[in-house]
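The values are calculated or read from the model by the stated rules, or taken from the named source; none is laboratory data. The structure displayed is predicted, hence computed values, not measured ones. Note that each Cβ is placed from the backbone with ideal geometry, even for glycine, and that neighbours are counted across all protein chains shown. Surface accessibility is based on the protein's heavy atoms, side chains included, excluding ligands, DNA and RNA. Shrake-Rupley method; radii C 1.70, N 1.55, O 1.52, S 1.80 Å.
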Amino acid sequence: ELKVEQNPLFLSMQEGKNYTIYCNYSTTSDRLYWYRQDPGKSLESLFVLLSNGAVKQEGRLMASLDTKARLSTLHITAAVHDLSATYFCAVDMGKGGSEKLVFGKGTKLTVNP
Amino acid sequence: DAGVIQSPRHEVTEMGQEVTLRCKPISGHNSLFWYRQTMMRGLELLIYFNNNVPIDDSGMPEDRFSAKMPNASFSTLKIQPSEPRDSAVYFCASSFVLPPLHFGNGTRLTVT
């Protein structure tokens, strides 16, 4: 059974600081996704990582994937309040076409002024 | 595109009642997923369809839950009879060929 673990589960940080969220998974997969969820809202796709060494950046967020280590990171640079949300990583269990994703528990990020 | 549309947004019902949640996927998407989100268990995949055919329903908690996709533009998740432990936010999501999944706004179900 695929397990996806995120840490930390809760993160409180000050504006302007940097931090990294980690996502480990237990079985081989080349496809990993990051989502953002605001309180009471739906999940919004942030990054799609489809191969070992993939790196994607959008604004103050950068995601990377190391399939050999079964590890993805989401790095936050110079955090701002608008980044406060819960961030989920999800790993694709399947091979080939559209398959199911297994989600981590999420990291609730709070950025304080 | 209007995105994935779910209804109702909120549902409050009494234990033992039947509940039906509805989902309209994004036009052209060929996979549809039902997830359940709770504080304790996080996001759990209940069932997913590919080209209207159920592919994996191993996440459906028990026989009280059933899901159908009669055509490419509509799916239902039914709980009969409902129980208080079914209270959660139920998300429908769709995708074309591969993830990422596009999620609806969810249905918040409360069973009293």
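Inverting the mean 1/r over all pairs of different Cα atoms, compute the Kirkwood radius of the protein assembly as shown and quote it in Å.
Working: mean 1/r = 0.0554 Å⁻¹.
The answer is 18.1 Å.
Just read off the accessible area of B:Leu45 with the full protein assembly in place, 1.4 Å probe, to the nearest 10 Å².
About 30 Å², rounded to the nearest 10.
With 24 Å as the cut-off, how large is the P(r) tail for chain A, expressed as percent of Cα-Cα pairs? Don't skip to the end; give the middle numbers.
Numbers: 1251 of 6328 pairs.
Everything past 24 Å amounts to 20 percent.
On average, how much area does the Cα convex hull of the stretch A:46-108 cover when viewed from any direction, in nm²? Please report the intermediate quantities before stating the final value.
Numbers: hull surface 19.4 nm².
Over every viewing direction, the Cα hull of the stretch A:46-108 projects on average to 4.8 nm².
Provide the three semi-axes, in whole Å and in decreasing order, of the ellipsoid equivalent to the stretch A:1-47 as defined by the square roots of 5 times the Cα gyration tensor eigenvalues. Don't skip to the end; give the middle numbers.
Working: eigenvalues 100, 48, 23 Å².
In descending order, the three semi-axes are 22, 16, 11 Å.
Do any of A:Lys68/A:Lys100; A:Lys41/A:Lys108; A:Lys3/B:Lys78; B:Lys24/B:Lys78; B:Lys24/B:Lys68; A:Lys17/A:Lys108 go past 18 Å between their Cα atoms, and which?
On the way: A:Lys68/A:Lys100 21 Å; A:Lys41/A:Lys108 14 Å; A:Lys3/B:Lys78 28 Å; B:Lys24/B:Lys78 15 Å; B:Lys24/B:Lys68 12 Å; A:Lys17/A:Lys108 16 Å.
Too far apart for the 18 Å limit: A:Lys68/A:Lys100; A:Lys3/B:Lys78.
For chain B, take every pair of Cα atoms, bin their distances at 5 Å starting from 0, and report each bin as a whole percent.
2, 13, 25, 27, 19, 10, 4, 1
Give me a comma-separated list of calculated 3J(HN,Hα) values for the stretch B:90-107, in order, Karplus coefficients 6.51, -1.76, 1.60 applied at θ = phi - 60°, integers in Hz, x for any Gly or Pro.
For the stretch B:90-107, the Karplus curve yields 9, 10, 10, 9, 9, 8, 10, 6, 10, x, x, 7, 10, 9, x, 7, x, 10 Hz.
Which value in nm describes the separation of the simple spin-label points at B:Thr38 and B:Thr20, placed 7 Å from the Cα toward the beta carbon?
Once both label points are built, they end up 2.5 nm from each other.
Between B:Asp57 and A:Glu58, what's the calculated FRET efficiency when r is the beta-carbon distance and R0 is 35 Å? Round to 0.05. Mind dumping the intermediate values first?
Working: r = 35 Å, r/R0 = 0.99.
E between B:Asp57 and A:Glu58, to the nearest 0.05, is 0.50.
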